[in-house]
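These notes are about the structure you will find just below.
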Amino acid sequence: METERTYQYARCSAVLDADHEVPGCEAIFDQALSNGLLAIVATEWPGKEIESKKLRTLPASALLGVIEENADKQPDGTFLIPGTSADPDVVCVDTKTLRDGVTETQAPRHGRGEGKLERRHIDALLVLDKHRSLGRMPEVVSDGRWIKAEIHDLYDRDRAQVYLEFIGDEEAQMRAERAPEHTEPYHPKHNPDWEGTELEHCAVCGYESFKLNVPVEFEDTGSGACLVCSYTRSPDTSYYLTMNAQIRQAIENDD
Ligand SMILES: [Zn+2]
């Protein structure tokens, strides 16, 4: 569980560190922050990350509250995680800035107009990686090319989403029905390496219409294009998304 949180925190934070205005940055910020705070609170004060009545994990805003109640308030308004002052990696959580980040990212996510994620929100987020339950960012960003690929992918998803709205539901449905006509079935001579389904579930439009160039090991990593919404993954992007999926698997196996 901690490993998954650690990985999600590191991956999302690395993307935001490279481009904090990337399409979907609000959800990415929330994912990074929630996972980072859950890892810290579960390590420092086990059990306090759970909502007692519903047995669910607390949202980011409530986790910030747990830190404010249990950590040592510093003159600059940040909260020092006890026990971390002895080593050089002191973790002082800037709960005020992070809480402000939550407010900013929740406005657009809940349809209450534009919020604005700023660099200072990301800086406050990155501080968390110094905590002993996290600390995987150097490893995750060691080959930063996947981050570029991931950002490129987020922009293309955004473009495809706009296109999908432009063509409308009826046209999308029609294209989805015709999508299987555009695939080549397995053939022992012309297509000997083909295995599995030709069409994958599309991460943007949700139809079974993403045509893969070659079969892949990990979902949402293969190169190809969607026959409905035009969402496209180049072989280059695919390579780095796959690499990232492998890093993730390695971290999971490491647990
Ligand atoms: Zn699609």
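Just so you know, all these numbers are worked out from the coordinates, no wet-lab data involved. These numbers come from a predicted model, not from an experiment. We place every Cβ from the backbone using ideal geometry, glycine too, and count neighbours over all the protein chains shown.
Taking amide hydrogens as placed 1.01 Å from N in the peptide plane, the amide H of VAL93 sits under 5 Å from those of PHE79, LEU80, ILE81, each at least 5 positions away in sequence or on another chain.
Counted by neighbouring Cβ atoms within 10 Å, the residues ASP169, ASP72, ASP156 run from fewest to most as ASP169, ASP72, ASP156. In whole angstrom, the range 146-254 maps to an equivalent ellipsoid with semi-axes of 24, 20, 10, each derived as √(5λ) from the alpha carbon gyration tensor and ordered largest first. When DSSP beta bridges are restricted to pairs lying wholly in the chain, around 100% turn out antiparallel. Only DSSP H runs of four or more residues enter the estimate; each adds -39500 (n - 2.57), and after division by the residues of the chain the mean residue ellipticity at 222 nm equals -17000 deg cm²/dmol. Just to verify a number: FRET efficiency for SER142 and GLU252, C-beta to C-beta distance, R0 = 25 Å, to 0.05? Once rounded, the FRET efficiency stands at 0.90. Taking θ as phi - 60° and the Karplus parameters 6.51, -1.76 and 1.60, the scalar couplings of the range 144-160 work out to x, 5, 5, 5, 4, 4, 5, 5, 4, 4, 5, 5, 6, 4, 5, 4, 5 Hz in sequence order, x denoting glycine and proline.
Give the shape of the range 2-141 as rounded, prolate or oblate, defined through the alpha-carbon gyration tensor: a ≥ b ≥ c are the square roots of its eigenvalues, a/c under 1.5 means rounded, and otherwise the shape is prolate if a/b is larger than b/c and oblate if not. Here the range 2-141 falls in the rounded category. Among the trypsin sites (Lys or Arg not before Pro) in the range 8-81, those placed in a DSSP loop whose Cβ has at most 15 other Cβ atoms within 10 Å are LYS53, LYS54. One quarter of the convex hull surface built on the alpha carbon atoms of the chain amounts to 16.5 nm², the projected area averaged over directions.
Within 10 Å of each candidate Cβ there may be at most 15 other Cβ atoms; applying that plus a DSSP loop requirement, which GluC sites (Glu not before Pro) in the range 1-73 survive? Write down the numbers at each step before the final one.
Details: sites: GLU2, GLU4, GLU21, GLU26, GLU44, GLU49, GLU51, GLU68, GLU69; in loops: GLU21, GLU49.
Listed in order of number, the matching sites are GLU21.
By the count of other C-beta atoms within 10 Å, a proxy for reagent exposure, LEU212, LEU154 are ordered fewest to most as LEU154, LEU212.
How much length is gained if the chain between ASP169 and THR183 is pulled fully straight, taking 0.36 nm per residue apart and subtracting their Cα-Cα distance, in nm to one decimal?
Full-extension gain reported as 2.8 nm.
In plain terms, the residue of PHE166, PHE29, PHE210 with the fewest other Cβ atoms within 10 Å comes first and the most crowded comes last, giving PHE166, PHE210, PHE29.
May I ask you to compute the full-extension gain from ASP123 to ALA27, defined as 0.36 nm times their residue separation minus their alpha-carbon distance, rounded to one decimal in nm? Intermediate values should be presented prior to the final figure.
Values: separation 96, 0.36 × 96 = 34.56 nm, distance 1.69 nm.
Here the answer is 32.9 nm.
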